[in-house]
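Here the structure is laid out as structure tokens; the discussion comes afterwards.
Just so it is clear, none of the values below were taken in a lab; they were calculated from the coordinates. Quantities reported herein were computed from a predicted structural model and do not represent experimental measurements. All Cβ positions, glycine included, derive from the backbone under ideal geometry; neighbour counts span all protein chains shown.
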Amino acid sequence: MKISCLKSNLLQGINIVSKAVSGKTTHPILSCILIEAENGTIKLTANDMEIGIESYVEGSIIEEGKIAIEAKLFSDIVRKLPDSEIFIETNEEYKATIKCEKAKFHIPGKSGEDFPNLPSVAKNKYITISQFVLREVINQTIFSISDNENNKLMTGELFEVNNNRLSVVSLDGHRISIRNVELKGNNSDIKVVVPGKALADISKIINGGIDNEINIYFTENHILFEFDNTKVVSRLIEGEYFRISHMLSVDYQIKIQVNKKEFQDCIDRASLFIKDSDKKPIKLTIEDKVMHLKINSLIGSMNEEIDITKEGNNLIIGFNPKFLMDAIRVIDDETINIYMNNTKSPCIIKDEEESYTYLILPMGINEAG
């Protein structure tokens, strides 16, 4: 194999596929990036058997072939080369020579034939969505997945298509995040659970705007994201996702409206008094035109109040400030609506159209404190 391409193009491809390189594996080939120069295209591939990514790189093919090169070393070398044209040449013993201006490296590789192929995904069921919207939807829900592998379903997000609307749902046992997006055209009903890691990687890779589209294909076991010059294939999480509709009661006794920025800034200040190991709630005292926020910890305390509009009863309730902050910071509305019932019921933050819904369970508080 003998190819050449600009450093910027090669590095962009490496950065994309590196997210699927296996960090810990008993199969050394999975810690490699596969370089293929065939049929007039240069393709980079990484595959950790849970997620696989392939991306095409613009360049010239002098001689066709393929080789697998250890990803970290390859990435480090390319990153440190001058911003110029890079030449990569391999021999029959799978040794690669990388040249750029006056720099030359010789590194061992592995046979490209030993590299595992990405799963083949049928393209019968799919949706098309804006890259910008998908990135926003992921970023506005991914924070409430669980990192506890004991409940695999909680480590992923539900992607459900119904009546030409995509719902993306995550939960961790303490909160639920939901984003709803209207889709164009007529779309098949779909219900799958996508691993959170794959979605986090996708949100970092896609950088297109509102007019740049991404196709998402669904099968029983895999999901395929196809956009620009890149494909990302991920296994799905097996199992029936949680029924969340009964958790989202439409009945409420209290509704408050609050300025999003004021509320966010206030919680941010309260968080100064909480260490990661603390389980201290922020106490909200809700009265007719004002909400008092109070926190007490070993570091210190804070009292603050902000103006609100309220319907319903007064209430004193406590929440994990981080959970409130995670939800509020991804909302773009100037004013947010919060619905509550009592000290033991969750609060629900949602807009009128229910394009987003965030449910957060309360924490016990010392009302005398």
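For the set 19/260; 80/123; 184/231; 43/125; 289/344, the pairs lying more than 32 angstrom apart at their alpha carbons are 19/260; 80/123.
Per-residue extension of 0.36 nm, minus the Cα-Cα distance of residue 124 and residue 60, leaves a gain of 19.6 nm for this segment. Phi-derived couplings, Karplus 6.51 cos²θ - 1.76 cosθ + 1.60 at θ = phi - 60°, listed residue by residue for segment 291-302: 10, 8, 10, 9, 9, 10, 8, 5, 7, x, 9, 9 Hz, with x used for Gly and Pro. Our note on the geometry: Cα centres of segment 229-271 and segment 302-369, 12 Å apart.
For the chain, the longest principal axis of the C-alpha atoms and the axis of helix 71-80 are separated by about 90°. Our estimate of slack between residue 149 and residue 344, defined as 0.36 nm per intervening residue step minus the Cα-Cα distance, is 67.4 nm. A simple packing score, the average count of other Cβ atoms within 10 Å per residue, orders the peptides 108-121, 188-201 as 188-201, 108-121, with the highest score first. State the percent of C-alpha pairs, over all pairs in segment 248-360, separated by a distance greater than 25 angstrom. Roughly 15 percent, rounded to a whole number.
Protection proxy ranking for 314-325, 281-292, using the average of other Cβ atoms within 10 Å per residue and placing the highest first: 314-325, 281-292.
Each part gets one Cα centre, and for segment 1-51 versus segment 127-158 those centres are 25 Å apart. With 27 Å as the limit on Cα-Cα distance, the pairs of 2/102; 197/283; 104/197; 275/310 that go past it are 197/283; 104/197; 275/310.
How large is Rg/Rh for segment 2-114, to two decimals, with Cα atoms and a Kirkwood Rh? Working shown, then result.
Working: Rg = 12.8 Å, Rh = 13.8 Å.
Rounded to two decimals, Rg over Rh is 0.93.
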